[in-house]
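First comes the structure, then the notes that go with it.
The values are calculated or read from the model by the stated rules, or taken from the named source; none is laboratory data. In this text the structure is predicted, and so the values were computed from the model without any measurement. Cβ atoms come from the backbone with ideal geometry, glycine included; neighbour counts cover every protein chain shown. Note: areas computed on protein heavy atoms with side chains; ligands, DNA, RNA excluded. Shrake-Rupley method; radii C 1.70, N 1.55, O 1.52, S 1.80 Å.
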Amino acid sequence: MKRSLMARLWPNATALVLFVVFAFPVYWMFATSLKPTGDIIADDPVFLPTDITFDHFRRALDADHFWTLVGNSLTVTTLAVVFSLVIALLASFALARMRFKGRRGFLLTFMIAQMAPWEVMVIAIYIIVRDADLLNSLVPLTVFYMIMVLPFTVLTLRGYVAAVPKELEESAMVDGCTRPQAFVKVIFPLLAPGLMATSLFGFITAWNEFPLVLILNKDAEKQTLPLWLSSFQSTFGDDWGATMAAASLFAIPILVLFVFLQRKAVSGLTSGAVKG
């Protein structure tokens, strides 16, 4: 009985330790954003703020171009995710259901693109965008963010499409559906968990992207929120209160999206059941 108790205790204790390790930085960010400046720079850290202030949030919200940058980030990120999902959905269906010459090489290309660091292509991207006269524009950001998340999205959705039995699609076609109708009515509803997972990954990747917008967009009104986070600096040092408040505001859309998509992903798994 002791052995059985220890077998259950170790995984739970390990999970608790990992939770604390990963959750503490998030808690410290939110806690610091609510502390007065004196508590932030104190020699002894204040783990539980008692004197709460919202001055840091007011300073962050009053920063130049804040709402413009929020709109830029939401526009670029949403369009990149939507376009990548549409393209990846069609590509993953072709890779999972069809056999054509060069299919393995096509898959290998996606894997290599997923592994390649984007930093090595920054100079080439800059030259392309400059020659196209698209510097200080949201269009190249949207395009390259979409390309950035596309390999992962295609490879992930391909696995979900391949897991759907072909018999379901064939049965729908026997009942009178065309192949596109069978895809929309039968396969697409079963891909909800994959769509949720890949859209969340794509959103986080595009939302957090920093180097590309730093190089391509020098106009303050054409930048995105990651650059805004680096603006709370002065000749006297970093304004840590405003920085943590800004980081908290920056993280809120990701947290909301994660909670929403997590619930949708679970419902997608159950709604994907079919009658025998």
Single match in Ala13, Ala23 (criterion: under 27 Å from Gly202 (Cβ atoms) and in a helix (DSSP H, G or I)):
Ala23
Taking Ser231 and the conditions (1) in a helix (DSSP H, G or I); (2) more than 13 Å from the chain's Cα centre (by Cα); (3) farther than 19 Å from Ala80 by Cα, which numbered condition does it fall short on, given that it satisfies the others?
(1)
The correct count of residues that are under 30 Å from Pro180 (Cβ atoms), aliphatic (A, V, I, L, M), in contact with a helix residue (DSSP H, G or I) (Cβ under 8 Å, 6 or more places away or on another chain) and open to solvent by 30 Å² or more (accessible area, probe 1.4 Å) in the stretch 48-84 is 1
State whether one or more residues within the stretch 22-44 are open to solvent by less than 90 Å² (accessible area, probe 1.4 Å), of a type in the set (Asp, Glu), modelled with pLDDT of 85 or more and in contact with an Asp or Glu (Cβ under 8 Å, 6 or more places away or on another chain).
yes
Subset of the stretch 174-193 [of a type in the set (A, V, I, L, M) and free of Cβ contacts under 8 Å to residues at least 60 places away in the same chain]:
Val174, Ala182, Val184, Val186
Matching residues in the stretch 174-193 - criterion: being more than 23 Å from Val86 (Cβ to Cβ) and either within 27 Å of the chain's Cα centre (by Cα) or not in a loop (DSSP other than H, G, I, E, B) (or both)
Val174
Considering every residue within the stretch 96-114, establish whether at least one is out of contact with any strand residue (DSSP E or B) (no Cβ under 9 Å at 6 or more places or on another chain), open to solvent by 50 Å² or more (accessible area, probe 1.4 Å), within 27 Å of Lys222 (Cβ to Cβ) and touching a residue at least 12 places away in the same chain (Cβ under 8 Å).
no
Do the conditions hold for Met196, that is, is it touching a Gly at 6+ places or on another chain (Cβ under 9 Å), in contact (Cβ under 8 Å) with a residue 40 or more places away in the chain and farther than 15 Å from Ile87 by Cα?
yes
Would you check if Thr153 is in a helix (DSSP H, G or I), of a type in the set (Ser, Thr, Tyr) and closer than 12 Å to Ser92 by Cα?
yes
Being closer than 17 Å to Pro151 by Cα and of a type in the set (Val, Ile, Thr) is the filter; apply it to the stretch 187-227 and report the residue that is modelled with the lowest pLDDT.
Thr198
Looking at Ile127, Ile87, which one is loosely packed, with under 13 Cβ neighbours inside 10 Å and not in a loop (DSSP other than H, G, I, E, B)?
Ile127
I'd like to check something: does the stretch 201-221 contain any residue that is more than 18 Å from the chain's Cα centre (by Cα), surrounded by 18 or more Cβ atoms within 10 Å (Cβ to Cβ) and within 23 Å of Ser137 (Cβ to Cβ)?
yes
Looking at (1) of a type in the set (Ser, Thr, Tyr); (2) more than 18 Å from Phe250 (Cα to Cα); (3) out of contact with any helix residue (DSSP H, G or I) (no Cβ under 6 Å at 6 or more places or on another chain), can you tell me which one Ser230 breaks?
(2)
Of these, Leu34, Leu48, which one is free of Cβ contacts under 8 Å to residues at least 24 places away in the same chain and touching a His at 6+ places or on another chain (Cβ under 8 Å)?
Leu34
